[in-house]
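Working notes, beginning with the structure itself.
The values are calculated or read from the model by the stated rules, or taken from the named source; none is laboratory data. Note that the structure is predicted; figures quoted are calculated from it, not measured. Every residue, glycine as well, gets a Cβ built from its backbone with ideal geometry; the counts of neighbours run over all protein chains shown. Calculation scope for accessible area: heavy atoms of the full protein, side chains included, ligands and nucleic acids excluded. Shrake-Rupley method; radii C 1.70, N 1.55, O 1.52, S 1.80 Å.
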Amino acid sequence: MEIIDARGLDCPQPLLLLQSAMKKNADSYQVLATCGAAKENITRYAEKHGFKVEAEQEGNEVKLTLHK
């Protein structure tokens, strides 16, 4: 699983990091983010590319797990 730590970064940085990581063609990714819009943006992008997304919110931090 590829882990992307985007905590403290503003949008669109978390999504850009995910896009870059997806060039490795892994079957799963985990994105840690604090940007409010990251959850929606990453979920929409991941689902468009065939991933299922599980989101866990803890305080202002969200953990998104993407699986093929």
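For this structure, a couple of remarks:
- Computed from the Cβ-Cβ distance with R0 of 30 Å, the FRET efficiency linking residue 49 to residue 3 stands at 0.95.
- Residue 34 versus residue 16: modelled label distance in nm, points set 7 Å from Cα along the beta carbon direction: 1.9 nm
- Estimated 222 nm signal from helices in the chain, with DSSP H stretches of n ≥ 4 weighted -39500 (n - 2.57), rounded to 500: -8500 deg cm²/dmol
- With 5 Å bins from 0: P(r) over the chain, alpha-carbon pairs, percent: 4, 20, 35, 27, 12, 2, 0
- Accessible-area ranking of 20, 28, largest first, probe 1.4 Å: 20, 28
- The C-alpha atoms of the chain define a longest principal axis, and helix 38-48 lies at about 10 degrees to it.
- A Förster radius of 30 Å, combined with the Cβ-Cβ distance separating residue 61 from residue 23, puts the computed FRET efficiency at roughly 0.75.
- Ordered from highest to lowest accessible area with the whole protein assembly present and a 1.4 Å probe, 32, 16 read as 16, 32.
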